[in-house]
Amino acid sequence: MSFDFFLYGIINTLCVVLVAPLFVSVVKKVKAWTQGRQGPSVFQTYYTIAKLLKKEVIYSPDASRISRVTPWVCMVAILVASLFVPLVYVTAPVGGIGNIILFLYLLVLARFFMALAGLDAGSTFGGMGSSREMSIAAVIEPTTIIVFAALAFVFKSLNIIDMAGIAATTGTPVTPVLILLGISLFIILIVETARIPVDNPETHLELTMIHEGMILEQSGKNLALMEYSAAIKQVVLMALLINLVIPWGIATTLAPAALAAAAVLFVAKGLVLALVIGLFESSMAKMRFFRLPGLFVMAFFFSTLIIIVEVFA
């Protein structure tokens with residue numbers, strides 16, 4: 001492992017861990033503003049996670065070791081996946097870090113254990129949430145594969161770090177292909193982070209909850225880990241969209257000034273994207289469960305069109 005990649009891992013992980021709760025709070029703040037409310041502080045997610053870390057963990061009498069290891073598996077899988085997507089600094093990848101297929105497997109691993117934990121507690125709501133999550137996954141995962149295949153065709157690489165490097169060094173212009181790719185990635189972001197119109201992350205109504213149903217039996221440190229891993233997953237997918245479609249500003253050297261400027265630009269672009277997510281959620285109603293494939297088909301169609309254009313154009 002090169003020294004540059006070692007520093008890349010430290011910088012990327014620190015940035016992910018520090019900014020992930022901020023973007024979650026900004027989305028909530030924007031949604032509150034659109035509803036005429038003041039809303040929580042932009043630091044509320046930090047306070048919530050810190051409070052949960054101090055609380056006792058309580059397990060269901062029916063829970064097995066699955067419920068005990070799932071929060072750690074989710075956190076580790078998402079943190080490793082975060083190394084695959086550069087936030088402020090890009091370098092040459094090492095080993096399989098950055099590989100698209102491995103990245104998708106890490107996301108699926110976290111989803112699989114979360115669904116298992118929902119079933120493991122013996123709760124009716126948890127089982128219902130897990131069932132709904134797997135039903136959605138069966139439809140969205142083929143779409144996700146096609147979207148990432150389109151990424152590979154556009155950037156001529158199977159490595160996300162290489163893609164970010166190409167985008168950063170060539171200053172990829174905004175083209176119709178990139179616009180369609182950005183729309184597809186935005187849909188994947190909404191679905192994978194369980195946001196409206198797919199799911200409502202702020203409800204505990206049994207008729208609507210999916211993600212919240214699976215973590216309903218989690219408490220204390222375990223709930224903090226689940227919430228934090230979800231926030232990190234969101235910022236990783238946001239970074240994928242930002243640094244491939246709007247790559248300007250990402251650092252290609254370890255110069256302190258370049259890193260500082262890249263960090264500021266990433267936070268600024270992330271805040272704008274969080275604003276867009278909040279406005280998008282506020283302008284939409286939660287879709288009925290059987291109408292969700294219509295949203296996924298849009299990403300599938302655009303990505304398939306991109307692949308056809310890249311292959312035959």
Which one, Glu212, Glu133, Glu202, has the greatest fluctuation when you compute a Gaussian network model over the chain with C-alpha springs under 10 angstrom?
Glu202
Given a Förster distance of 51 angstrom, what is the FRET efficiency for Ile179 paired with Lys51, based on the Cβ-Cβ distance and rounded to 0.05?
0.80
Label zone at Val311 (point 7 Å along Cα-to-Cβ), backbone N below 18 Å, the range 176-204
177, 181
For the range 94-185, what value does the Rg/Rh ratio take when both radii are computed over Cα atoms and Rh is the Kirkwood radius, given to two decimals?
1.11
Helix 65-82 versus the longest principal axis of the chain: what angle, 0 to 90°, nearest 10, using Cα atoms?
20 degrees
With label points built 7 Å along Cα→Cβ from the Cα atoms of Ser60 and Glu202, find their separation and express it in nm.
2.7 nm
Add -39500 (n - 2.57) for each DSSP H run of 4 or more in the chain, then divide by its residues: what number comes out at 222 nm, to the nearest 500 deg cm²/dmol?
-24000 deg cm²/dmol
Using Cα springs under 10 Å in a Gaussian network model of the chain, which residue among Ala285, Ala262, Ala164 shows the largest mean-square fluctuation?
Ala285
So how far, in whole Å, is the C-alpha centre of the range 84-132 from the one of the range 262-313?
19 Å
Any idea how far apart Trp248 and Val297 come out in nm if each label point goes 7 Å out from Cα toward Cβ?
3.7 nm
Would you mind working out the magnitude of the charge dipole of the chain relative to its Cα centre, with +1 at each Lys and Arg C-beta and -1 at each Asp and Glu C-beta, to the nearest 20 Debye?
520 debye
Among Ser135, Phe5, Gln234, pick out the residue whose Cα is farthest towards the positive end of the charge dipole of the chain, where Lys and Arg carry +1 and Asp and Glu carry -1 on C-beta, about the Cα centre.
Gln234
With r as the distance between the Cβ atoms of Lys286 and Trp33 and R0 = 25 Å, compute the FRET efficiency 1/(1 + (r/R0)^6) and round to 0.05.
0.80
Of Gly39, Gly127, Gly95, the one that fluctuates the most in a GNM where the chain has Cα springs shorter than 10 Å:
Gly95
What number does the chain give for Rg over Rh if you use C-alpha atoms and the Kirkwood radius?
0.95
Full-stretch length increase - Leu271, Ser2 - with 0.36 nm per residue and alpha-carbon distance subtracted
93.6 nm
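Values quoted throughout were computed directly from the atomic coordinates according to the rules given, and no laboratory measurement underlies them. Quick caveat, the model's predicted, so the values are computed rather than measured. Note that each Cβ is placed from the backbone with ideal geometry, even for glycine, and that neighbours are counted across all protein chains shown.
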